[in-house]
Ligand code: ATP
Ligand code: MG
């Protein structure tokens, strides 16, 4: 991609209402723009990151044998009445009437819709266990939308649901999802902890939250000195009463949550199938969420410096920035730069060429703000010497690499992290 064609604008200062680093940097780097409170447009740069996060989540869910579906965002009230949540959910649920005054909501989660699907489609134990998931827009009319896309009203979630004949099978899938989540967050380059959680009003009795550790996190995680016990504060209070406040604590951002729902939805919504003896059994369920858009902000909270964002290569909007110095004054350099750019692209390297008519200092600081993990600087002097300047986002000093070795060198760097 050529930067001159990218719809973006870096800002020197963040708007005053941006309170935390990730929100400030996402606005300054031109990744998102607010349309209304808690509702955002993703600009090309931000959307590239979101897509990369989504792709990793999808790959690992598929690898775990989960099947991707897409459910509607708009859900009929009758289903929520069946589960009794139409009245329980409260003002976070955005309720809508159609032209015939029929009641609907914009889905904040999909337990009702998936349970309805399962009771229609699952006929026999032979179809079980099954894991279904989607990556889809949710709406929650949060009482306090804040921190940009971190606590938005409209956001992207991966939600998965599993159906089982018995609790042993649910436990097995739950453990598999726990392992899958650990893989996903590791590939995303995040420092995280799985903590025992309170299952809140979603119901069920076993649940873990996955937290990215960060000072700005809204949640408190508590742990025992020897590390044997790690829990959300709410859960620790339920387990250890007042003792919970003795425990050590850290702050976290909840990026994932897995639950064993048991038969909470399948009983109220009468979801049964025949077991191997032909007997009708109420299915038991698990559900597994990941805050796909929230992850983008969480990654920034965890990895930035005074110059800007430091992306892990796995989710960086571009892997490499190519910065020519005074290219507009030299046809010779321009030809060499374009040929290198084409070469990098044909080697599947995600490269951003800064072809703007800007001073090198401006280009360097923009690339650092955006957080591109690898940078090449190509000048006429380098062309004469047959070399290119290389620096990783976190390096202090430049290195010089022979032009003819550059593709191999960059490929190795990208594969390293
Ligand atoms: P929180 O406690 O942060 O409000 P939650 O427990 O209500 O989240 P879940 O129902 O577990 O959220 O949803 C699954 C995931 O969706 C969460 O782990 C979180 O990463 C993400 N998420 C929830 N609410 C929001 C929001 N308002 N904006 C962005 N992501 C969200
Ligand atoms: Mg949760």
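Just so you know, all these numbers are worked out from the coordinates, no wet-lab data involved. All of these numbers come straight from a predicted model, not from anything done at the bench. Cβ sites come from the backbone with ideal geometry, for glycine too, and all protein chains shown count toward neighbours.
General observations
- Report note on the peptides 21-27, 151-157: ranked by the mean count of other C-beta atoms within 10 Å, highest first, their order is 21-27, 151-157.
- Once the chain from residue 81 to residue 97 is taken as fully extended at 0.36 nm per residue, the excess over their C-alpha distance is 4.2 nm.
- For the pair segment 356-415 and segment 1-80, the centres of their Cα atoms are 28 angstrom apart.
- Label-to-label distance, nm, for residues given as residue 282 and residue 126 (7 Å Cα→Cβ offset): 2.7
- Our estimate of slack between residue 41 and residue 357, defined as 0.36 nm per intervening residue step minus the Cα-Cα distance, is 111.0 nm.
- FRET efficiency for residue 51 and residue 342, using Cβ-Cβ distance with R0 set to 25 Å, rounded to 0.05: 0.60
- Cα radius of gyration and Dmax for segment 256-295 (Å): 14.2, 45
- Gyration tensor over alpha-carbon atoms, segment 117-160, equivalent ellipsoid semi-axes in Å: 34, 10, 7
- Quarter of the Cα convex hull surface for segment 347-387, i.e. its orientation-mean projected area (nm²): 3.7
- Cα-Cα P(r), the chain, percent of pairs per 20 Å interval: 24, 49, 24, 4, 0
- Protection proxy ranking of 319-325, 278-284 - average other beta-carbon atoms within 10 Å, highest first: 319-325, 278-284
- Dividing the helix sum by the residues of the chain, where each DSSP H run of 4 or more adds -39500 (n - 2.57), gives a mean residue ellipticity at 222 nm of -10000 deg cm²/dmol.
- Once the Cβ-Cβ distance of residue 88 and residue 11 is raised to the sixth power relative to R0 = 56 Å, the FRET efficiency obtained is 0.85.
- Relative intensity, log₁₀ I(q)/I(0), of segment 1-127 from a Debye sum that treats every alpha carbon as a point, q = 0.13, 0.18 Å⁻¹: -0.86, -1.09
- For the chain, built as a Gaussian network whose Cα springs stay under 10 Å, the top-fluctuating residue of 226, 272, 398: 226
- Fully extended contour minus Cα-Cα distance, from residue 175 to residue 270, at 0.36 nm per residue: 31.6 nm
- Volume of the convex hull of segment 24-91 (Cα atoms only), normalised per residue: 164 Å³.
- Packing-based ranking of 375-382, 341-348, 293-300 yields 293-300, 375-382, 341-348, ordered from highest to lowest mean Cβ neighbour count within 10 Å.
- Values of log10 I(q)/I(0) for segment 123-230 across q = 0.10, 0.24 Å⁻¹ run -0.39, -1.57, by the Debye formula with one identical scatterer at each alpha carbon and no solvent.
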